[in-house]
1. If R₀ is 30 angstrom, what is the calculated FRET efficiency for the pair Ala392 and Ala154, using the beta carbon separation as r and rounding to 0.05?
2. In the structure displayed, which of Lys465/Lys488; Lys16/Lys241; Lys18/Lys147; Lys16/Lys258; Lys455/Lys492 lie more than 31 Å apart, Cα to Cα?
3. Can you tell me the equivalent ellipsoid semi-axes for region 25-67? Use √(5λ) from the Cα gyration tensor, largest first, whole Å.
4. Can you list residues whose amide H is under 5 Å from Ile126's amide H, if they're 5+ apart or on another chain and H is modeled 1.01 Å from N?
5. Check Thr330: other-chain or 5+ apart residues with amide H under 5 Å from its amide H, H built from backbone geometry?
6. Give me the extension gain from Glu113 to Asn294: residue separation times 0.36 nm, minus the current Cα-Cα distance, reported in nm with one decimal.
7. I'd like to check one number: the per residue accessible area of region 7-158, probe 1.4 Å, reported in Å² as a whole number.
8. May I ask for the Rg/Rh ratio of the chain, computed from Cα atoms with Rh as the Kirkwood radius, given to two decimals?
Amino acid sequence: MAPLKNLAQLSLRHPKPKVVFSYGTAGFRTKADLLDSTIFRVGLLATLRSQYLRNRVVAVMITASHNPPEDNGVKVVDPEGEMLEAHWETYATSFANASSVEELQTLYNQLVEKLEIDTGIPGRVIYGRDSRESGPRLVAALEDGFKVSGAEVADYGVVTTPQLHYIVRCLNTKESSDSYGEPTELGYYEKLSEAYKKVLNGYSKAYSITIDAANGVGGPKIEELAKYLEGFISVKVVNNKYDQPQLLNSNCGADYVKTQQKLPSGIEPENLKLYASFDGDADRIVFFFVDEENNFKLLDGDKIATLCASFLHDLAVQSDVGFSLGVVQTAYANGSSTEYLTNTLKVPVECTATGVKHLHHAAQHFGIGVYFEANGHGTVLFDPNIIGTLKASKVSSPAQQLAIDSLLALSDLINQTVGDAISDLLLVIAILTIKDWSPSDWDSCYTDLPNRLSKVEVKDRTIFKTTDAERRLVSPPGLQNKIDDIVKQFPKGRSFVRASGTENVVRVYAESTSRVLADELALKVSRLLKPPQ
Ligand code: 16G
Ligand code: MG
């Protein structure tokens, strides 16, 4: 195969640092200064992915989500708006680690040959970025990659991660009967706002909410959307300095609120009023409020999952169409939420490994699959066959018609490609409005078991291998038995250990019936991970 035109010349502009890269659950993510060569090479890889998929459009998002401002990252989005197929994560990793132009060219040739990719077709790739300072420089590196690969490209500028997922799906379904919508930001706002109005159908109360936008891209985007929903929602955005990227995620945002279990800076709360926090690229949301006694109350991904599951379950029964509804969680879900879903709501619950793609795939097995990580990543997936059945069903009562219409509108309101802070916000507000629930009504469905998430630095985190959706360790040998022995001593005790996929640490989760006991359990398990000094 002839060498790629310009590869040698343009590679010189993007030399690889002496770092080992790995395409993990969130793509490549590290200090922005180190990412130039990787992003240049992602340009080649994304083009090949599109060519392999016979010219379907793929997307590249440049973001490091909730990480500090000096970090950045990149991920490739598949044509239906799903995460990059797992084999390609390995190809991406090998491209990123090629130590010379020659090696990169060889890897490229090998991939083309192995997968019989027709590089005669141009490949179509779209791209976007969050509000980070390093964004434009890294976009330029990506564009150099496209100059080499000759892809047809379109720059969507500063967008939320879920907006880019939405747009890529729209582009790939444009001419088909299951067209997902207009492939523009405007199309996104119109689709969501129209669906919201349909879901509300007659409930005229305008909901007012304050949103902590983490000083990221979600702020201006939710303000834009709110223009389409005047009279339905009133949004006040704080931590909205997206044009000062050094403030991104600083003492604010969904990750801060969830891990610190406290108010973000910039919010002076009114008691019993609902607030929400987005993360830096607005694919994640948590809610919170302050009760009459001024206690901070977090409404995290587990609370969102239970709220949605109960609402959708009722609609499913009323629609009388007959399909399965299930919830997908990870081991980090609070034990009380799982118990509430199983014993009170009586819906099936599945547990998967951490990372959106695992939950997403599991949720696809249900007629309606609700999935949320405790940290606020999540959405609700509707099986396309269910949509067809709902549309075609013979209706015997106005109540049934209403339930069917609501479910269909909800399938448009809820982003079907990936968890989306903006779409999830509208979903939660719609449910609270229809149920006429206050934040404390929502919170009182179940009480979280006190829990502690700690991290432990170890010499080599790769020796920590898990099974049973990360709930049990198989390596190092013998360690799980020791954990079991400790857990037994704690009422409602639960604890598990897994290596982080995004940081060089091992995480320890522990829960029990009181804060003191949860802390003690976490401490005892953490001590097992470190050999005595
Ligand atoms: C990534 C994942 C997120 C997961 C987190 C776990 C995506 C888009 N993001 O941010 O779902 O909760 O990693 O981090 O999949 P950890 O491995 O460091 O605990
Ligand atoms: Mg994010």
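1. Here the calculated transfer efficiency is 0.25.
2. Those over the limit are Lys16/Lys241; Lys16/Lys258.
3. Computed over region 25-67, the values are 23, 12, 7 Å.
4. Val58, Ala59, Val60, Ala154
5. Amide H neighbours of Thr330: Thr352, Ala374.
6. Answer, rounded to one decimal: 58.8 nm.
7. 40 Å²
8. Taking Rg over the Kirkwood Rh, I get 0.97.
The values are calculated or read from the model by the stated rules, or taken from the named source; none is laboratory data. None of these values were measured; they are calculated from a predicted model. Every residue, glycine as well, gets a Cβ built from its backbone with ideal geometry; the counts of neighbours run over all protein chains shown. Please note that ligands, DNA and RNA were not included when accessible areas were found on the heavy atoms of the full protein model with its side chains. Shrake-Rupley method; radii C 1.70, N 1.55, O 1.52, S 1.80 Å.
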